[in-house]
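Beneath this line is the structure, given in structure tokens, with notes to follow.
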């Protein structure tokens with residue numbers, strides 16, 4: 001069993017423009033933001049991004065790195081619509097495939113099980129089929145004869161996720177109230193890179209938490225990055241909550257100004273800039 005630890009920069013060195021990239025988390029919760037910031041520094045673009053979107057989508061869209069987005073929503077949770085995403089969409093900067101949350105989940109399941117699609121009731125009777133004319137329906141071959149949406153598999157070249165703890169082999173643990181779909185992102189991708197708050201020995205993963213918290217299996221993980229505070233400014237419960245003050249600053253600041261102050265450097269420079277910003281607050 002091999003040691004899969006690497007740095008964020010080593011992760012993005014394995015990525016390239018034109019890829020289909022999945023990003024785990026949900027809205028402004030447990031997003032792998034340190035990896036996303038490394039992706040921004042690397043200049044990788046022309047991406048198809050698959051995400052239950054939050055500021056990961058906002059920063060990539062504002063920086064012009066997205067060619068196509070597949071999502072069910074893009075939100076900052078306490079701010080309903082991600083403002084930098086909205087501005088990019090209003091400019092028509094990228095193609096959008098927007099589906100129901102349940103359809104998105106079954107697309108991940110289909111990809112994880114290496115199926116071309118899975119039938120799902122979600123989306124029927126809505127405008128999802130109208131705004132996504134490429135979607136198809138299938139009819140049950142059994143006596144019920146029911147019609148379903150055939151949700152295509154959401155296959156990915158690579159996935160990025162963030163968890164609370166991981167070991168060097170790639171086993172990942174979440175300690176918060178919701179696992180989201182990070183395991184499916186890893187299983188649906190050809191390669192999966194996991195950042196975590198802390199790398200621990202394998203035995204520690206179940207020492208103080210239930211076995212059910214072991215969300216990610218090493219067989220589905222390609223690399224592990226220790227990134228303390230790596231989800232900032234999103235939440236990573238119970239380690240820390242969302243940095244609401246800084247999120248409001250991000251949402252209200254024009255992108256060039258925000259990027260120049262906070263993203264014009266490495267991860268340590270980002271942390272220092274955020275700390276300085278907080279110290280300036282009255």
Handout entry: So residue 14, is it under 24 Å from residue 103 (Cα atoms) and surrounded by fewer than 20 Cβ atoms within 10 Å (Cβ to Cβ)
Key = no
Completion exercise
Apart from one, (1) more than 22 Å from residue 111 (Cα to Cα); (2) surrounded by 17 or more Cβ atoms within 10 Å (Cβ to Cβ); (3) touching a helix residue (DSSP H, G or I) at 6+ places or on another chain (Cβ under 6 Å) all hold for residue 273; the odd one out is (2)
Fill in the blank from the handout: Taking the range 31-46 and keeping only residues that are farther than 16 Å from residue 58 by Cβ and in a loop (DSSP other than H, G, I, E, B), one is left with 43, 44, 46
Practice task
Only one of these is more than 17 Å from the chain's Cα centre (by Cα), within 27 Å of residue 8 (Cα to Cα) and either at pLDDT 95 or above or exposed (fewer than 14 other Cβ atoms within 10 Å of the Cβ) (or both): 134, 43. Name it.
Solution key: 43
Problem - Looking only at the range 81-108, and only at residues there that are in a helix (DSSP H, G or I), more than 16 Å from the chain's Cα centre (by Cα) and touching a residue at least 24 places away in the same chain (Cβ under 8 Å), the one that is surrounded by the most Cβ atoms within 10 Å (Cβ to Cβ) - result: 106
Completion exercise
Across the range 229-252, the tally of residues that are surrounded by fewer than 16 Cβ atoms within 10 Å (Cβ to Cβ) and either at pLDDT below 95 or not in a helix (DSSP H, G or I) (or both) stands at 3
Exercise for the section: Starting from the range 166-193, take each residue that is in the same structural domain as residue 30 (by TED's automatic domain parsing) and on the phi > 0 side of the Ramachandran plot and list its partners that are assigned to a loop (DSSP other than H, G, I, E, B) and at pLDDT below 95, counting only C-beta distances under 8 angstrom and pairs at least six apart or across chains. Expected result: none
Practice task
Scan the range 24-37 and give yes if some residue there is farther than 25 Å from residue 216 by Cα and over 12 Å from the mean Cα position of the chain (by Cα), otherwise no.
Solution key: no
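The values are calculated or read from the model by the stated rules, or taken from the named source; none is laboratory data. Quantities reported herein were computed from a predicted structural model and do not represent experimental measurements. Cβ sites come from the backbone with ideal geometry, for glycine too, and all protein chains shown count toward neighbours.
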